[in-house]
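Novice: Dumping the structure here so I can ask a few things about it.
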């Protein structure tokens, strides 16, 4: 069998051809171990039967003609097949681990999505807006008011006012155990924003202890109407709605009457071509 190391495709594919070229230039080289198929060139290793791991060392030996002869030492690693199997097993294990991690990541993403949806639902339930009468809304608040909840409260309140054209809003804080200056300021801000949409807000459910706390903190409610109980606040809101309806009805009734009076005072129309007479 004729063998040319410089034409060995396996050496090229394993990337060790630069070492072989150095060897033929007379340099001593240590060629890294490679997996070599001895079925293709069994004369090289003296072994056939598949791929083995081969270690090679090239040593130049001077000759009598001031040249050199290259001596190549090669060692076949008998455990090559076992090493290859272990390597392939590690690769397969890595692939399985990667697939497991990807599946776990998908599960975590779905869990995060579900938690976010539940948080949104809980947040929506924590600041419900209830329509108690035509043009009257009630926003019962239970628990402490933090910044995130105050922001959600303001957003839902303004959306409900705009959607239902509400004129009266009852902010029920009966279920709020404590109200600090920051939370009170946030309620006042919500009432001011509602006023810009044409709705009047009444703070209901103010307990004596809560009122004392607000006074001690020096909280300015900014002219926000208050009521001791929800029933009292609802009575006021309904009365305000009735008064507004009565005023609207009175204005509508007077409109035709003003039109008739204006028509009675207008001068009669003259026939065509006749000039109006002057009074002396």
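The values are calculated or read from the model by the stated rules, or taken from the named source; none is laboratory data. As the structure is a computational prediction, the values presented were derived from the model and not from experiment. Cβ sites come from the backbone with ideal geometry, for glycine too, and all protein chains shown count toward neighbours.
Novice: Output the residue which, of all residues in region 17-32 that are closer than 16 Å to residue 53 by Cα and touching a residue at least 24 places away in the same chain (Cβ under 8 Å), is nearest to the chain's Cα centre (by Cα).
Specialist: Among them, the one singled out is 31.
Novice: Give the residue, chosen from 170, 187, 154, that is in the same structural domain as residue 244 (by TED's automatic domain parsing), in contact with a helix residue (DSSP H, G or I) (Cβ under 6 Å, 6 or more places away or on another chain), buried (at least 17 other Cβ atoms within 10 Å of the Cβ) and in a helix (DSSP H, G or I).
Specialist: 154
Novice: On the given criteria, is residue 248 out of contact with any helix residue (DSSP H, G or I) (no Cβ under 6 Å at 6 or more places or on another chain), assigned to a loop (DSSP other than H, G, I, E, B) and at pLDDT below 90?
Specialist: Criteria not met by residue 248.
Novice: Right, something else. Among (1) in contact (Cβ under 8 Å) with a residue 40 or more places away in the chain; (2) surrounded by fewer than 21 Cβ atoms within 10 Å (Cβ to Cβ); (3) within 30 Å of the chain's Cα centre (by Cα), where does residue 147 come up short?
Specialist: (1)
Novice: Looking at region 223-245 only, could you name the residues that are out of contact with any helix residue (DSSP H, G or I) (no Cβ under 6 Å at 6 or more places or on another chain) and not in a helix (DSSP H, G or I)?
Specialist: Once the filter is applied, which keeps residues that are out of contact with any helix residue (DSSP H, G or I) (no Cβ under 6 Å at 6 or more places or on another chain) and not in a helix (DSSP H, G or I), region 223-245 yields 223, 225, 226, 228, 229.
Novice: Also, quick follow-up: What are the residues in region 113-143 that are part of a loop (DSSP other than H, G, I, E, B) and modelled with pLDDT of 85 or more, if any?
Specialist: 129, 134, 135
Novice: Here are some residues: 178, 193, 160. Which one is over 24 Å from residue 235 (Cβ atoms) and assigned to a helix (DSSP H, G or I)?
Specialist: Sole residue among the options that is over 24 Å from residue 235 (Cβ atoms) and assigned to a helix (DSSP H, G or I): 193.
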